[in-house]
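Notes follow the structure.
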Amino acid sequence: MANKKKKVVVTASKEKKTVKATVSKSQRIDQSSNQRVLVFNKSNYLLMLAGLALIFLGLLLMTGGKMPSPDVWDDNIIYSTRRTLIAPILILAGLAVEFFAIFRK
Amino acid sequence: MFELIEAIILGVIQGLTEFLPVSSSGHLEIAKVLLGDDSLNEESMLMTVSLHAATALSTIIVFRHDIKDLSKHLIRPEGKTNRSFWMLIVISMIPAVIIGLGFESQIEQLFSRNMLLVGSMLLLTAILLYFADMAKNTVKKVGVKEAIIIGLAQAIAILPGISRSGATISSSVLLGIDREASARFSFLMVIPLIFGKMAKDLLDGSFSNYDESILALICGFIAAFVTGILACKLMIRLVKSSQLKYFSWYCSLIGIIAIIYHFAS
C-alpha cells in the first residue's frame, strides 16, 4: 500500500509541473494580450470607423475655397453651403458617432 | 511626402503637449523667436480641428470607464454624487470661458514673442510642478471651492508658458486633492471646452481657403490620437508616482534660457 501511495504522489507532482509551465509561458501571455487588444468589440470598432469616415468626409468637403485668380473675390466660393454648413455638420455628427461608439456596450 | 511627415510631427506634438506639463504655447513662442515667424507655417484651422478632435477622443478613450460610471443614474436620486461631479466640471469651466470669450483680443496681444513673459511663466509652471510633487496628505475630493480654484488655474494657463495640465493638476494636488482624482478632473474638465471651441470654430464661418490634403489630415489625426492615449496614460502614472519633478527641471531650464535670451538680445 505504501509503495502505491508513493507512486501516485510522484506522478501527480510531475503532471502539475508540466501543466504549470505550459500555462504560464504561452497561455498567460495570450490571455493578457487578448485582454489588452479586445478593449472594444467588433460593432464598436465598426461604429468608430463610421464616425471617422464622417469626420474625414466633412474635412474633405471643407477644403478648397481658393479664388481662381487673385483679382477675383467670390463669396459663393469661400462661403459656400458645402463648406459652411454641410461640412461642419458632418464633422460634428462624426464626433457624435465616435462618442456613441466608445460608450456603446 | 513632406506634407505627411509635417502632419505626423504636428500630431505627435499635439498628443504630447496636450497632456504632458510642458506648455505648448510657450514652446511655440520660443520657436517663433528663434526661427522667425516666416519659417513656421501656421497650421490651418482644419488641421487644428483635426488634431484637437484626436486628443479629445483619446482622453475619452482613456477615461471611458470613469465617464460611463459618472454618467449613470444622472436623473435618479441615487445619482447625486455623479450630478455633483458634472456640476463641478461645469463650474471649473466658467473662468476659462469668460476669459476666452471676453478677452480674446487682449489674449492675442500676449502672444507677441515676449521671451521674458514666456520664461517667467515657464518658471512658474516649474515651481507649481515641484511643489505638487512635494505635496502630502492628498486625500480630499473636489468641492465647489476647489473647482473654482482649478478653473482659475485653467484660465491663467491661457498665458504662454503656463501648462494647462500642469497648472490644473498642480493646483488641485496642492489643495490636498487625491493625485489620481486631480489628473482625472484636469483631463475631463477640458473635454467640453475643446468640443465647444471646435464647434464654435466650425460653425462661426471664419473660413479662408484650405488646400490641406485629406491624407495629411488623416495622418495628423492618427498620430495625435495614438500619442494622446500614450501621453495621457503616462501623465496619470507620473502624477500618481510623484514624478512631475522631471518636467519641473525641464521647464526651469527652458524658462531660464528664455529669460537669458531676452536680456542678451
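The values are calculated or read from the model by the stated rules, or taken from the named source; none is laboratory data. What you see is a predicted model, and the numbers here were worked out from it, not measured in a lab. Reconstructed Cβ throughout: ideal geometry from the backbone, glycine too, with neighbour counts over all protein chains shown.
Total residues in the range A:56-105 satisfying the condition of being among the β-branched types (V, I, T), more than 14 Å from B:M45 (Cβ to Cβ) and assigned to a loop (DSSP other than H, G, I, E, B): the figure is 1. Listed here are the helices (runs of 4 or more DSSP H) enclosed by the range B:1-94 that have at least 3 residues being in contact (Cβ under 8 Å) with a residue 12 or more places away in the chain and over 26 Å from B:Y246 (Cα atoms): B:2-19, B:45-62, B:64-70. Please enumerate the residues belonging to the range A:68-105 that are hydroxyl-bearing (S, T, Y) and more than 7 Å from chain B (Cβ to nearest Cβ). Across the range A:68-105, the qualifying residues are A:S69, A:S80, A:T81.
Of all residues in the range B:189-198, those satisfying the criterion of being surrounded by fewer than 20 Cβ atoms within 10 Å (Cβ to Cβ) and at pLDDT 85 or above are B:I191, B:P192, B:L193, B:I194, B:F195, B:G196.
The numbered conditions (1) touching a residue at least 24 places away in the same chain (Cβ under 8 Å); (2) surrounded by fewer than 22 Cβ atoms within 10 Å (Cβ to Cβ); (3) not small (G, A, S) are all true for B:D204 except (1).
All conditions but one from (1) of a type outside the set (S, T, Y); (2) farther than 30 Å from B:I259 by Cβ; (3) modelled with pLDDT of 90 or more apply to B:A96; the one that does not is (2).
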